[in-house]
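Notes to accompany the following structure.
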Amino acid sequence: MPKPRSNGKSAPRPEPNELHADLVIITGMSGSGKATALKAFEDLGFYAVDNLPIQMLRTFAELTQDAKTRRRAALIIDIREGESLRHFPKIYRELKKRLHTTLVFLDAEDEVLRRRYSETRRPHPLGGETTVLTSIKDERAALAGISALADLHIDTSGLNVHELRRVLSAKFEDAHDHNKIMVSVTSFGFRNGVPADSDLVFDVRFLPNPNYIPEFKALTGRHPNVARYIRSFPQTTEFIKRISELLIYLLPHYIREGKSYLTIAFGCTGGQHRSVLIANEIYKQLKRAGFSVKEMHRDVKRKSH
C-alpha cells in the first residue's frame with residue numbers, strides 16, 4: 001500500500017508486517033462482488049457502510065478517527081452515486097493526506113459480469129433501454145479515472161464468494177502471522193491481455209507451442225498428452241526448477257515486507273497450453289514448499305484461434 005502523503009501532520013506509519021488501513025473504500029464494476037467484499041470487512045471488525053453519499057465522505061472519515069470511538073471502517077462508493085461521482089477523485093486525494101486510506105477496485109471480465117446479471121436477473125444500475133453489455137461498457141468508461149487511483153485491483157472473474165473473502169481477509173485482517181501469504185498462480189494468454197492484478201509476470205512463449213500440432217490444438221495444458229509433450233523439452237524442466245527456486249526464495253522476503261497476497265501470472269500466446277502446464281507445475285512446487293496457494297487458468301475456456 002502506498003505511503004500516505006504528508007501535509008505537515010502525517011499519519012503514523014504502520015509496522016512493516018502490519019497491513020493497516022483506517023478507511024477502506026470499495027469501488028468497482030457492478031456485479032464484481034462489492035457487497036461480498038463489504039461483508040468480509042464487516043467480519044474483520046470494520047464498521048461497514050454501503051453506498052454512502054459522496055458529500056458525507058469527509059465527515060464519515062473524521063468520525064472514524066474520533067478518539068472515543070476510533071474504529072476501522074469500510075464503505076462502498078460506486079456508479080450509483082450518479083453525477084456526484086465526479087467529485088470522488090479530489091475527495092479521495094484529500095483523505096489520503098489525512099489518514100491511512102485504501103481504495104480497492106473490484107473488476108471482472110465483461111462477459112463474466114454479463115453472465116452474473118443474467119443468472120441473478122437483476123437490472124444493471126445503468127439499465128434503461130440499453131443491453132446489459134452496453135451498460136457494462138458505459139460503466140467501465142465512467143469508472144476509468146477512479147480505477148487509475150486504486151491502491152489494490154482485484155479481478156474476481158475466477159473467484160467465488162468464499163475465495164474473494166479469503167483474499168480480502170489475507171490482505172486486511174489485523175494479524176501478525178509473519179509466515180502467512182496467499183499466493184495465486186494463474187495462466188493467461190497475451191492475446192487477451194495481461195491480468196490487471198498480476199504482481200509477477202513470466203512469459204513462457206519461448207517454449208515449443210503445442211498449438212501447431214493438430215491433435216493438441218483443441219486440448220489444453222491440463223491434458224496428459226499435451227503436458228507430456230511440453231515437459232519433453234529440457235528448457236521446460238529447467239525453467240520450472242529455476243522459477244520454483246526463485247519464488248521459494250522470494251516469498252519469505254515479501255512476507256517480511258508485509259505482503260500477504262501475491263499473484264504470479266504465466267503467459268503464453270492464447271493461454272491454452274504452455275502457460276497452463278507451467279502454472280500447474282509452479283502451483284504444485286509452492287504447495288509442497290508449504291505455502292498457501294491457489295491455481296487459476298483465466299483463458300482456458302476461450303476459443304483458441
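The values are calculated or read from the model by the stated rules, or taken from the named source; none is laboratory data. These numbers were taken from a predicted model, which means no experiment stands behind them. FYI the Cβ positions are ideal-geometry reconstructions off the backbone, even for glycines, and counts take in every protein chain you see. The accessibility values were calculated without ligands, DNA or RNA, using every heavy atom of the protein model including side chains. Shrake-Rupley method; radii C 1.70, N 1.55, O 1.52, S 1.80 Å.
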Of (1) open to solvent by 10 Å² or more (accessible area, probe 1.4 Å); (2) touching a strand residue (DSSP E or B) at 6+ places or on another chain (Cβ under 8 Å); (3) closer than 25 Å to residue 196 by Cα, residue 60 fails just (3)
Based on what the data block shows, is residue 256 of a type in the set (Lys, Arg), exposed (fewer than 13 other Cβ atoms within 10 Å of the Cβ) and at pLDDT 95 or above? no
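Residue by residue, here is whether (1) over 18 Å from the mean Cα position of the chain (by Cα); (2) modelled with pLDDT under 90 holds:
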residue: 147; (1), (2): no, no
residue: 153; (1), (2): no, no
residue: 159; (1), (2): no, yes
residue: 162; (1), (2): no, yes
residue: 179; (1), (2): yes, yes
residue: 182; (1), (2): no, yes
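Would you mind stating whether residue 173 is out of contact with any Asp or Glu (no Cβ under 7 Å at 6 or more places or on another chain), in contact (Cβ under 8 Å) with a residue 12 or more places away in the chain and not aliphatic (A, V, I, L, M)?
Yes: the conditions hold for residue 173.
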Within region 112-138, of all residues that are touching a helix residue (DSSP H, G or I) at 6+ places or on another chain (Cβ under 8 Å) and not in a loop (DSSP other than H, G, I, E, B), the one most open to solvent (accessible area, probe 1.4 Å) is 137
Residues in region 233-254 that are within 23 Å of the chain's Cα centre (by Cα), under 16 Å from residue 275 (Cα atoms) and either among the aliphatic types (A, V, I, L, M) or not in a helix (DSSP H, G or I) (or both) total 1
- Query: Within region 186-205, can one find any residue that is more than 21 Å from residue 222 (Cβ to Cβ), modelled with pLDDT under 85, among the small types (Gly, Ala, Ser) and open to solvent by 60 Å² or more (accessible area, probe 1.4 Å)?
  - Reply: yes
Item checked: residue 145 being small (Gly, Ala, Ser), part of a loop (DSSP other than H, G, I, E, B) and touching a residue at least 12 places away in the same chain (Cβ under 8 Å) -> no
Filter region 206-229 for residues that are surrounded by 15 or more Cβ atoms within 10 Å (Cβ to Cβ) and of a type in the set (S, T, N, Q); the one that is nearest to the chain's Cα centre (by Cα) is 220
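Anything in region 96-111 that is within 15 Å of the chain's Cα centre (by Cα) and not small (Gly, Ala, Ser)? List them, or say none.
The answer is 102, 103, 104, 105, 106, 107, 109.
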Scanning region 119-145 for residues that are within 28 Å of residue 100 (Cα to Cα) and either modelled with pLDDT under 90 or among the hydrophobic types (A, V, I, L, M, F, W, C) (or both) gives 141, 142, 143, 144
